Structures are given as C-alpha cells and as structure tokens.
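Heads up: the structure comes next, in structure tokens.
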Amino acid sequence: MPAPVTAIVESATQISPNFIRIVFTGPELKVVGSDTPLYDQRIKLIFPNPGQPLPEFPQEGLWYEEWAKLPEDSRGVMRTYSIRSLERTEEATRMTVDFVLHIAPGLTGPASTWAASAAAGDEILIVAPRLDAEYMGGIEFAPGAATKVILAGDETAAPAIARILEDLADSDIPGTAMIEIPSDDDALAIEGPSSIDVKWLPRNGRKHGELLMETLALHHEETEAAATSEGELVWETPVFSATGEQITESNPRSGDYYWIAGESGVVTSIRRSLVKEKGLDRSQVAFMGYWKHGVSMRG
C-alpha cells in the first residue's frame with residue numbers, strides 16, 4: 001500500500017440533504033494521481049479521533065503495521081472511500097470526496113461525523129494512487145469488451161458510479177445506472193455519456209435496497225426478453241472471485257456487464273437473484289458490499 005499523505009480541507013459543502021462534498025488540497029497531494037481513468041478507485045482515509053491531532057507514525061515502508069500498533073484513542077479511524085474527482089494543475093492538486101451524512105438515524109459512523117463538522121484547514125491522511133509508486137489496486141470496474149454496462153448501487157455507491165460515468169463520458173457504450181438515494185433532493189449532477197441512462201431511485205421512507213432490487217429485476221427481465229428476440233448473447237467479461245481465482249477466460253466478445261455496490265445484505269440478495277436464480281454468469285458481474293447494517297465497518 002502506498003504511503004499516506006496529509007490532505008487539507010479546502011472546502012466542505014452540503015450539496016444535498018444527505019451528501020456533503022469535501023475538497024482536499026495541500027502540497028503532499030501533488031504526488032497523488034494516475035495515468036489511467038479513476039473509475040471506482042478505492043482510497044483509504046485516516047481521520048483523527050474527536051479533539052485529537054492526526055496520529056503520528058512512520059509513513060514509509062511498513063507504515064500500516066506501525067499505525068495499527070498505536071493505541072485506539074490516538075490512532076484515529078481508517079475508512080474506505082472513492083474519489084469523486086481529482087484535478088491536477090501546476091498550482092495545486094485537488095481531490096474531491098463525497099460523504100454520505102448518514103445511512104440511518106443512530107447509525108452515523110466516525111467518518112460521517114467528521115465530515116459533518118469538517119471545516120477549511122482540517123487535516124486527514126489519505127492513501128491513494130501515487131505517481132511515484134506502483135499501482136495500488138482498488139479498481140473493480142472492468143467491463144472488458146462488454147457491449148452494455150449496468151451500474152447499480154445505493155447512496156454509498158453514488159460517488160463511484162458518478163466517477164465511472166464521467167470517465168466514460170467520451171464513450172458511446174449503452175447502459176443504465178440505477179442509484180437508490182434517501183430522497184428526491186439527493187439526486188446529483190453527473191456529466192456522463194448520453195448513451196447511458198441514469199435512473200435516480202428515491203426511497204422516500206421505503207426499506208433500504210427494496211426499490212433498487214425491484215428496478216434491477218425489472219431491468220433484467222426486459223433485457224432477457226430483448227435477448228430472446230435477438231438471439232443468445234456471449235458473456236465472458238473477466239472477473240476474479242473473492243479468493244483470487246480467475247472465474248473465466250479473459251476474452252469477452254459481447255454481452256452485458258453488471259457493477260453492483262452498496263449495503264452488503266442487499267448486494268448479496270441481488271447476487272443470488274442474478275447469478276443463482278436468473279442464471280447470469282459470474283464473469284459478467286462485480287459485486288461489492290460497501291457497508292453492512294448494524295456493523296461498524298473498518299478500513
């Protein structure tokens with residue numbers, strides 16, 4: 001894992017009832033970047049404990065082990081996020097991260113708590129791709145030669161979906177993005193390709209994940225009907241299992257590619273529906289459980 005860098009809050013703006021957008025800058029961010037599209041690039045953020053300074057530890061070599069050895073009350077907390085945007089100029093590098101302010105009443109975690117009160121000048125540590133280091137991994141979006149992409153997730157996946165869409169802005173690949181959000185006012189601007197239809201799914205009080213699963217199931221049924229009338233599709237998008245084994249040959253010719261992320265239980269239900277019940281090949285789908293109801297996720 002690359003060494004962390006110190007990032008300074010330049011601005012914190014509540015952009016909807018449940019999203020706050022924080023722009024980070026600082027001289028150490030100049031080494032952050034990538035020669036490839038960001039897509040759903042995962043990064044690590046280390047937040048200080050309330051009222052505490054940033055943890056101090058050697059930030060080169062085996063820095064993670066040194067950080068983990070620190071007492072809990074001084075090492076802060078590490079959480080995984082995705083990059084909403086990364087802007088590099090001669091003057092400065094700015095990284096934007098969108099935070100969900102709360103998943104459900106009473107379940108606000110340390111990252112959301114920090115973001116809700118973040119102000120210009122606040123500092124955190126960020127572990128992200130560096131121009132001076134080997135690629136750190138963390139991109140799951142890999143459609144290969146798929147002829148259609150389907151992106152689906154809840155509000156925690158919205159920033160990654162938005163980044164994927166904007167990195168595909170010059171593409172003409174068709175597809176659909178389905179994003180379940182808490183309310184109508186949480187629909188955000190995305191400058192993606194016109195060939196991909198973005199469907200915002202406001203829950204407005206409905207059970208978390210219910211609307212997303214219904215919409216995705218309906219979409220798959222419509223896709224199956226179209227495929228039946230047009231002939232069978234060959235689906236061989238390369239994906240690796242959780243154990244690291246290659247699921248299929250990496251030589252896709254055509255077909256749909258599904259990228260699904262959000263609450264772990266919902267993602268598991270969608271996986272069961274698409275793979276076990278509807279017979280979708282595992283090589284066509286990337287499943288990511290970003291969080292889990294009732295569990296404080298680490299790192």
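Readers should treat all values here as calculations from the given coordinates under stated rules, not as data from a laboratory. This one's a predicted model, so the numbers in the text were calculated from it and none came from an experiment. Backbone-built Cβ (ideal geometry, glycine too); neighbour counts: all protein chains shown.
Quick look at the numbers
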| item | result |
| --- | --- |
| Per-residue ³J(HN,Hα) for region 120-136, Karplus 6.51 cos²θ - 1.76 cosθ + 1.60, θ = phi - 60°, Hz, x for Gly and Pro | 3, x, 5, 10, 9, 9, 10, 10, 8, x, 10, 6, 9, 9, 5, 4, 8 |
| FRET efficiency, Glu90 to Asn49 (Cβ-Cβ, R0 30 Å, nearest 0.05) | 0.25 |
| Distance between modelled label sites at His293 and Glu210, nm, 7 Å Cα→Cβ extension | 1.1 nm |
| Amide hydrogen neighbours beyond the local backbone of Ala286, cut-off 5 Å, H modeled | Tyr258, Trp259, Ile260 |
| Gain upon complete extension [Ala68, Ser117; 0.36 nm per residue less C-alpha separation] | 15.1 nm |
| Residues with amide H under 5 Å from that of Val198, placed H, sequence gap 5 or more | Ala177 |
| Pair Ser273, Glu134: separation of 7 Å Cα→Cβ label points (nm) | 4.0 nm |
| Placed amide H near Asn18: partners under 5 Å, 5+ positions off or other chain | none |
| Contour excess over end-to-end distance, with Cα ends at Glu222 and Met1 and 0.36 nm allotted per residue | 75.3 nm |
| 222 nm mean residue ellipticity, helices alone, for the chain (DSSP H n ≥ 4; -39,500 (n - 2.57); rounded to 500) | -5500 deg cm²/dmol |
| Correct choice for mean projected area of the Cα convex hull in nm² that was computed from the model, options (1) 18.3; (2) 14.5; (3) 16.2 | (3) |
| In nm, spacing of pseudo-spin labels at Asp184 and Val31 (7 Å Cα→C-beta vector) | 4.9 nm |
| Under the Karplus curve 6.51 cos²θ - 1.76 cosθ + 1.60, θ = phi - 60°, whole-Hz ³J(HN,Hα) for region 84-91, x wherever Gly or Pro sits | 7, 7, 9, 10, 10, 10, 5, 7 |
| Karplus (6.51, -1.76, 1.60) ³J(HN,Hα), θ = phi - 60°, over region 277-284, in Hz, Gly and Pro reported as x | 8, 9, x, 5, 5, 4, 5, 8 |
